[in-house]
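These notes are about the structure you will find just below.
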Amino acid sequence: MASEIRDLGLWESGEMKIEWVRKHMPLLAGLEKEFKQTKPFAGKKIALSVHLEAKTAHLCEILAEGGAEMYITGSNPLSTQDDVAAALVHEGLNVFAVHGATEEEYERGIRKVIEVGPDVIIDDGGDLVHMINTEYRHLIPGVIGGCEETTTGILRLQALDKAHELMFPMMLVNDAACKHFFDNRYGTGQSVWDGINRTTNLIVAGKNVVVAGYGWCGKGVAMRAKGLGAEVIVTEIDPIKAMEAVMDGFKVMKMRQAAEIGDIFVTVTGCDDVIGKEDFLAMKDGAICCNAGHFDVEVAVAALKEMATKTWTARNNIQAYKLENGKTIYILAEGRLVNLAAGDGHPAEIMDMSFAIQALSAKYLVENQATIAREPGKMLNVVPASIDAEVAERKLADWGIEIDHLTEEQRKYLYGE
């Protein structure tokens, strides 16, 4: 066993966190029982780069129960929880991650899990896949395939695949219905406001909240802001999504207009410089900015630092920047994922579904490796509808809900079968 973590002595605190989520992730509990018996990953090495907190740790436990040799790192320098990492090492898993990692330390963690020569990859944001495809190409023949968790990661995969630089199959987990409908919308919606509220200790009701981006994550953030009593403004580049936001009851305008009236800004786009220099200059004194997209480039923090005449820590996870015009702008969690860098991420019940899809998709890759295409330019694979349906049925059963099913006559009427 190998590891590079902060302090193994923290393991009891981490184990307490993991035990809590175990009791609230029934789908993974069911898979754990099955995997113990069937060992679908026996003899396989799985390299995982996902936000390293309790729910991710439980996924790692399930994969290990299925026979996998786990090599684990984080997917964001501020989302790793050191006590959770210690708990996994105490259980005998290989972990290379620390909270607050430098860029060098973060990259070393990615390299450590690649250099073991993984059979299966589970990624969040695409850093692991990008590095193995560009710097460790000699290991590619041994990779059966991988799973990608996020919208941002899938965009990076699409670019690699289009350039014929993605050299092994990837399952687009984020595109599964039971992932983006619930994780991106309800999970992001709740966890973003959990992070903002615990960090600022300010009321949301009565404030103008600006949500940049109205994809599934943006929808969730806007919906929860409305529920908390905010006036919600949406900024968009997609005319259809902008129309949808209007019909959902939100104001829509350009960011430059919104900058003048917003109190709290949340970026959820996957793009860079969504809030830039001119926007900062237009903001109210005391405006709060944070990011819920994968990378720390949506709010142009680097530009803000250059503009600032003074900067200081206003509160844990809140950095203040005073501008020449006398106004102060506050940035939460250094512009990184506010729900994970300043919170505990999505609720356990939500990640239960997402990680069930991850586990079943990884199992699908291993079981179908002989038939999945490995042709450059055609490496992206949708999650089979059968996996989506299985996860949904398991979740409904856990809730004690039964639904109707088509009769044979109805099936013939609809589909001619």
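The values are calculated or read from the model by the stated rules, or taken from the named source; none is laboratory data. Just so it is clear, the structure is predicted and the values come from calculations on it, not from any experiment. Cβ sites come from the backbone with ideal geometry, for glycine too, and all protein chains shown count toward neighbours. Heads up: the accessible areas ignore ligands, DNA and RNA and are worked out on the full protein's heavy atoms, side chains in. Shrake-Rupley method; radii C 1.70, N 1.55, O 1.52, S 1.80 Å.
Taking label positions 7 Å along the Cα-Cβ direction at both Ile261 and Asp285, the computed distance is 2.2 nm, reported to one decimal. For Lys378, the lysines whose Cα falls under 16 Å of its own Cα, not counting residues fewer than eight places away in the same chain, are Lys162. Subtracting the Cα-Cα distance of Thr313 and Ile140 from 0.36 nm times their residue separation leaves 57.9 nm of extension gain. Computed from the Kirkwood radius of its Cα pairs, the Stokes-Einstein diffusion coefficient for the range 143-265 at 20 °C and 1.002 mPa s stands at 135 µm²/s. Once all protein chains are placed together, Thr134 keeps about 70 Å² accessible to a 1.4 angstrom probe.
Output the relative contact order of the range 93-206, whole-number percent, from Cα pairs under 8 angstrom with separation of 6+ residues. Kindly include the intermediate steps, with their values, before the conclusion.
On the way: 101 pairs, mean separation 21.8, N = 114.
Relative contact order for the range 93-206 comes out at 19 percent.
Taken over the alpha carbons of the range 243-333 as equal point scatterers, the Debye sum produces base-10 log I(q)/I(0) values at 0.14, 0.19, 0.23, 0.25 Å⁻¹ of -0.48, -0.86, -1.20, -1.38.
One decimal place: the segment Glu393-Glu375 gains 3.1 nm when fully extended, by the rule 0.36 nm per residue minus the C-alpha distance. The average projected area of the range 242-288, computed from the convex hull of its Cα atoms over all directions, is 3.6 nm². Partner aspartates and glutamates whose Cα lies under 18 Å from the Cα of Lys305, excluding those fewer than 8 positions away in the same chain, are identified as Asp272, Asp273, Glu278, Asp279, Asp285, Asp296, Glu324, Glu334.
Helix 151-162 and the long axis of the chain differ in direction by around 60°, with both axes built from C-alpha atoms.
If you take the beta carbon distance between Cys271 and Glu367 as r and set R0 to 45 Å, what does 1/(1 + (r/R0)^6) give as a FRET efficiency, to the nearest 0.05?
On the way: r = 37 Å, r/R0 = 0.82.
E(calc), rounded to 0.05, equals 0.75.
Hey, what angle do you get for helix 216-227 against the long axis of the chain, alpha-carbon based, 0 to 90 degrees rounded to 10? Between helix and principal axis, roughly 50 degrees. Here the relative contact order of the range 270-417, from alpha carbon pairs under 8 Å that lie six or more residues apart, stands at 18 percent.
Roll a 1.4 angstrom probe over the protein heavy atoms and tell me the percent of accessible area of the range 80-192 that is carbon or sulfur. Spell out each step's value before the answer.
Details: 1940 of 3820 Å².
On the range 80-192, the fraction of accessible area on carbon and sulfur atoms equals 51 percent.
Taking only the Cα atoms of the range 207-270, the ratio Rg/Rh comes out at 0.91, with Rh defined as the Kirkwood radius. Contact order, relative form, for the chain: 16 percent (alpha carbon pairs under 8 Å, 6 or more residues apart, mean separation divided by residue count). In the structure shown, the pairs Lys284/Lys310; Lys219/Lys322; Lys55/Lys179; Lys45/Lys363 are assessed against 23 Å; a Cα-Cα span above that value is assigned to Lys219/Lys322.
Within the straight-line cut-off of under 13 Å between alpha carbons, the aspartates and glutamates reachable from Lys251 are Glu231, Glu236, sequence neighbours fewer than 8 places apart in one chain being disregarded. Each residue of the range 301-383 gets 154 Å³ once the volume of the Cα convex hull is shared out per residue.
Free of any trypsin sites (Lys or Arg not before Pro) that DSSP assigns to a loop and that have at most 11 other C-beta atoms within 10 Å, the longest stretch within the chain is 24-253. For the pair Glu324 and Met253, the difference between a 0.36 nm per residue extended length and the Cα-Cα distance amounts to 22.9 nm. Helix 103-114 and the long axis of the chain differ in direction by around 10°, with both axes built from C-alpha atoms.
In the context of the full set of protein chains, residues of the chain present 44 Å² of accessible surface per residue (probe radius 1.4 Å, heavy atoms only).
Each of Val301, Met171, Leu78 was scored by the projection of its Cα onto the charge dipole of the chain, and the greatest displacement toward the positive side belongs to Val301; charges sit on the C-beta of Lys, Arg, Asp and Glu.
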